[in-house]
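Reading through the structure tokens given below for one structure.
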Amino acid sequence: MPPVEKNRMQRRDFLKISAITGASAALDACGSPDHQLIRFIPEEDLIPGVATWKPSVCTVCPAGCGLLVRVMEGDAEVVRNGQLGLMQMGLAKKLEGNPAHPINQGKLCPRGQAGLQVTYHPDRIRTPLMRSGARGSGEFKAISWDEAMKRLMAQLSSLHSGNSHGRLVFLTSSLRGQRKNIAVTFTGAFKNSQYVEFAFFDERVVRTANAASFRHDAPPTVDLSQANYIISFGANFLGTWNSPVAQSLGYGQMRQGRPGTRGKFVQFEPRISQTGANADEWFACAPGAEGLLALGIAHVLIADKLRPASSAGAAGELVEGWSGGLAEYAPEKIEAQTGVKAETITRIAHEAAAHAPAVALIGDAAAAHTNSLFNTVATNALNALLGSAGKPGGIQFGSVWNSGSGKSGVQESSGAAAVQALAAQLESDPSSVGALLIYGANPVFATPAAWRVRQSLEKAPLIASFGSFIDETSILADLILPDHSSLESWIEDTPDSGSVRTVVSVAPPAMLPLHDTRPMPDVLLDLAHELGGNLATALPWKTYDDAIQADFAALYKEKGSKDAKAADDFWSNAQQQGGWWGPEEPAAANEPGGKSTAVPVKYAPAQFDGNPGEFPFYFMPFPSQMLYDGSLAGLPWMQEAPDPMSTAMWGTWVELNPSTANKLGIKQADLVEITSQHGTLRAPTMITPGIAPDVIAMPIGQGHESFTRYASNRGANPISILAPISVAGTGALAWAATRVKISRVGEGSVILFGASLREESPDLKHR
Amino acid sequence: MGHQWGMVIDLDRCTGCEACVVACHAENNIATVGDKQAAGGRAKHWIRVERYYEGDFPDVKVKFMPVLCQQCDAAPCEPVCPTFASYHTDEGLNGQIYNRCIGTRYCANACPYNVRFFNFYNPAWDKPLDLQLNPDVSVREVGVMEKCTFCLQRIKAAEIEAAAEKRDVKDGEIQPACVQSCPTNAMVFGDLSDPHSRASRMAASSRGNKLMEELGTRPKITYLQRESWNGDENA
Ligand code: SF4
Ligand code: SF4
Ligand code: SF4
């Protein structure tokens, strides 16, 4: 331990529930310092303390990077048996990447670094809660676990026995491994039930397209490390898209990791993203025209005899007109629609052909137009034509370990359309849903207001949430049974991109729980045993870690391992290492000359909601580097980390082109009103050269009404004003398909982190 | 000569992701100040990523550059300090003795890189966020100047371990938090007094230059400039 005098706190206090009802409170910057860490010696003379490193898994985005948690002894106020007391325990101090993990190889993104603050968040729900005021009022009272379980059991047992009418609906974020298996199996044991998965960035369009083109229902694993040419349509692959740490590792290698070879990177998108900012060439293509561009490049490759059309196999055949050479996509024919010059398209096709391996990516807004299934299938065909499907330096697919049997018979649906359908059903016949369980998803925040998800949930007979925070969705719950944080839990994860090795991450808890919480899977298992019957048979495990161990026994049986003699060794090795990973084995993705039996996908122009006369601008929400889809807005490190492109902190903004601002008489940081056919919001402007004059862009993430003291009532939520239309053929929300108008309201302000080194240094007087 | 710690930052790898920025907050007990103080320019980021736009739409180019204390060998922040709180360590680092600092802020004015941060208020962590604090790093009080230390606590830990094992610190053994997290491996830390260290070798690159070197500060960080693509040379 460091030579620090311990200042043991004597306070023994009971929790005051008012502190965790999600009310907004200003950050108190003038409280008392943390005396125990103020020292009177130079840092040089400090003796470092003793630390241990424990594996875990980052859960703040779907990439599933492996963690090493730096744990050191310390004193924490914890709740045990309803009593608050001081306990010396191992405390997570810092999250680091696990160097042995195939996806992130020791690295983390900024969001992963900040994941630590979830565990220590002052507004975490610390005990089970029961609604004590009107729905949505945020008034809850603390109850015991016994009482919480009794209340939930009462409703569930009458549904399970068929004594009461109505379905059990379980709404979760995208889950994996035994956590998902337990949730799905639990739900499926109810005769009448539905399991719904929802996450704003679920890569549903890319998955659907990959399933059609390559028979892999997964996002691609992108091998940038060996690529010599990258063509990206809107994918923010160095920021938030898919598996950003794995992709950044490959990108660094692509740029400077191979002596004498430096790959080229070209990005097409109407608003420059943090990723696009790194491109050698950036082109502002028209929103929704990405598929045309992909086929324009493909046309040149075929017409100029750089690649034969047949080499694209089934992925090519999936595009209507492929074998005919795509004459209608000739660069000069698509120039006007795409906004990219014919000669540029031709040049890029030739460069890509000459610098194999060349890879094409599509994601984010480019995959969120009404015609994005076409855009994505076209991009897949281009990859196949370039010879990059399933190949080093291209897009690859691994094989994913499937925990559990997965044959629960439950009606399983996912994506935005599933939430929309649930909302519609609740609104027309609320009693058809007997109980709604919610875990990890916040659809009230992350769906267009036009879907009326809040209003429909308000009508649900019973809502039970397993949430750790009062957010816009859990605030509607009748019961809250708070989960452990991921650092306090057993954890298993089976990511489906980021590595061509089969990855099954596993880790025991990195630290003891701070609060009176319980792991969601354990709560389900307890309920299952009490309900008995088919539930007890379907879920034989006593605890979640038993279930994970059983999964690893099955994994051992199927995959075995050279360095583990028995299942027990296999299991303990995996826990030490942070998981088990198979050999590097990319799956087959495409056969040149292969045939497709599917109906070819046809080009259709992207549809936009709102007529251009009244709503002249395309509205492009974009993922926030720090706040992601808004789920990280509650973390102070993320609020105060400057946005990479704008350096903005603690707020939101809308981006527009200088010429647009000029025309409308709008100045830097003016407050403007953005109106779609479905709503209005206000935000300050950020005038920037990296956006097309007919586009208005806005980060997703702020605009929470209720989500911790740091995020509540801060900024505006672009999702709320989106048009409720979907990407054809996928059930995904077309979140880049809304038109808006803009008008100046008055003066506003944006908080920037600037420095005098920069010319446009904002109003920083002193530092 | 003892160790001379230095760093190389490859701007051709850096993507502006800011993993380094948040890793630094987590490692070094940098307090967030909240929106009101941030609006007054009092947010603290020992490392920041500067972003430069060049050109007008549609011919826009962007450059990112992480900026942290350059650990100058001729550090303008040192001679101006009346209490010698800002001083030069044996291993060539610019150190800051917090309890000597009386808050004149002369050093911050003297530093041309704008990397020193003053505590206008006592830092505070809403409980239990205080549990995240790294016990190896002091918390800085009101009236005290702070800045990047190259993660001195990590340097110390590695040196103590090496000494116990009767060996020298190995090249690459020390990773400041920013270097460790960086997803593109854009940053390399090492001993510049060892000509064979990775950092020394990279610093000799023809792409290398130092930030505002003309001021005579003798920074110990070398930036490798971004390259442009030359298809035929690279083919
Ligand atoms: S990409 Fe970042 S947030 Fe996502 S799992 Fe990896 S470290 Fe965590
Ligand atoms: S960069 Fe600034 S703070 Fe760091 S040593 Fe140089 S003058 Fe001092
Ligand atoms: S972490 Fe690395 S790539 Fe990201 S901004 Fe910092 S130096 Fe650049």
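Readers should treat all values here as calculations from the given coordinates under stated rules, not as data from a laboratory. Note that the structure is predicted; figures quoted are calculated from it, not measured. All Cβ positions, glycine included, derive from the backbone under ideal geometry; neighbour counts span all protein chains shown.
Average partner chain C-beta neighbours within 10 Å, per residue of B:147-153?
The mean count of partner-chain Cβ atoms within 10 Å per residue comes to 2.
Please report how far the C-alpha centroid of the range B:159-235 lies from that of the range A:194-211, rounded to the nearest whole angstrom.
42 Å
From the helices alone, meaning DSSP H stretches of at least four residues, give me the mean residue ellipticity at 222 nm for chain A, per-run term -39500 (n - 2.57), in deg cm²/dmol to the nearest 500.
Result for chain A, helices only: -7500 deg cm²/dmol.
What's the magnitude of the charge dipole for the range B:64-218 around its Cα centre, counting Lys and Arg as +1 and Asp and Glu as -1 at the beta-carbon? Answer in Debye, nearest 20.
300 debye
Gap in Å between the Cα centre of the range B:1-71 and the Cα centre of the range A:73-104?
Centre-to-centre distance over Cα atoms comes out at 28 Å.
Please list A:683-694, A:384-395, A:70-81 highest first by mean number of surrounding beta-carbon atoms within 10 Å per residue.
Taking the mean over residues of other Cβ atoms within 10 Å, the ranking is A:384-395, A:683-694, A:70-81.
Compute a Gaussian network model of chain B, connecting alpha carbons closer than 10 Å, and tell me which residue from B:E141, B:E159, B:E214 fluctuates the most.
Ranking B:E141, B:E159, B:E214 by mean-square fluctuation puts B:E214 first.
Using the alpha-carbon centroid of each, what span in Å lies between the range A:382-440 and the range A:468-501?
17 Å
Computed over the Cα atoms of the range B:5-228, what is the convex hull's projected area averaged over all directions, in nm²?
Projected area, direction-averaged: 14.3 nm².
If r is the Cβ-Cβ distance from A:A327 to A:E591 and R0 is 35 Å, what FRET efficiency results, to the nearest 0.05?
Efficiency, rounded to the nearest 0.05: 0.90.
May I have the extent of the alpha carbons of the range A:360-427 along their three principal axes, as whole Å values ordered from largest to smallest?
48, 34, 15
Excluding A:A330 itself, what net charge comes from residues whose Cβ is under 14 Å from its Cβ, given Lys and Arg +1 and Asp and Glu -1?
Neighbourhood net charge equals -3.
Quote the charge dipole size of the protein assembly as shown about the Cα centre in Debye, to the nearest 20; the model charges only the Cβ of Lys and Arg (+1) and of Asp and Glu (-1).
For the protein assembly as shown, the charge dipole is close to 700 debye.
Considering only DSSP states other than H, G, I, E and B, which GluC sites (Glu not before Pro) in the range A:548-635 qualify as loop sites with at most 15 other Cβ atoms within 10 Å?
Here the sparse-neighbourhood loop sites are A:E584, A:E614.
Mind checking the mean number of beta-carbon atoms from other chains within 10 Å of the Cβ atoms in A:701-713?
Taking the mean over all residues of the peptide, I get 0.
If you count, for every residue in A:236-249, the Cβ atoms of partner chains within 10 Å of its Cβ, what is the mean?
That works out to 3 on average.
Could you list A:K595, A:K107, B:K210, B:K36 so that the one with the fewest beta carbons within 10 Å of its beta carbon is first and the one with the most is last?
With the sparsest Cβ surroundings first, the list reads A:K595, B:K36, B:K210, A:K107.
What is the distance, in nm, between label points placed 7 Å from the Cα along the Cα-to-Cβ direction at A:D75 and at B:I102?
Using points 7 Å along Cα→Cβ, the separation is 3.5 nm.
Rank these for me by crowding, A:Y251, A:Y439, going from fewest to most other beta carbons within 10 Å.
Placing the least packed residue first, the sequence is A:Y439, A:Y251.
Over 22 Å between Cα atoms, which of A:K663/A:K741; A:K667/A:K741; B:K166/B:K220; B:K61/B:K220; A:K667/B:K63; B:K36/B:K127 qualify?
Checking Cα-Cα distances, B:K166/B:K220; B:K61/B:K220; A:K667/B:K63 exceed 22 Å.
For the range B:125-231, build the charge dipole from Cβ charges (+1 Lys, Arg; -1 Asp, Glu) around the Cα centre, then report which of B:C178, B:L224, B:S206 sits farthest towards its positive end.
B:S206
Determine the calculated [θ] at 222 nm for chain B from helices alone, applying -39500 (n - 2.57) to every DSSP H run no shorter than 4 residues and normalising by the residue count; nearest 500 deg cm²/dmol.
-5000 deg cm²/dmol
Using only Cα atoms, what Kirkwood radius does the range A:598-717 have, in angstroms?
When all Cα pairs of the range A:598-717 are included, the Kirkwood radius is 15.6 Å.
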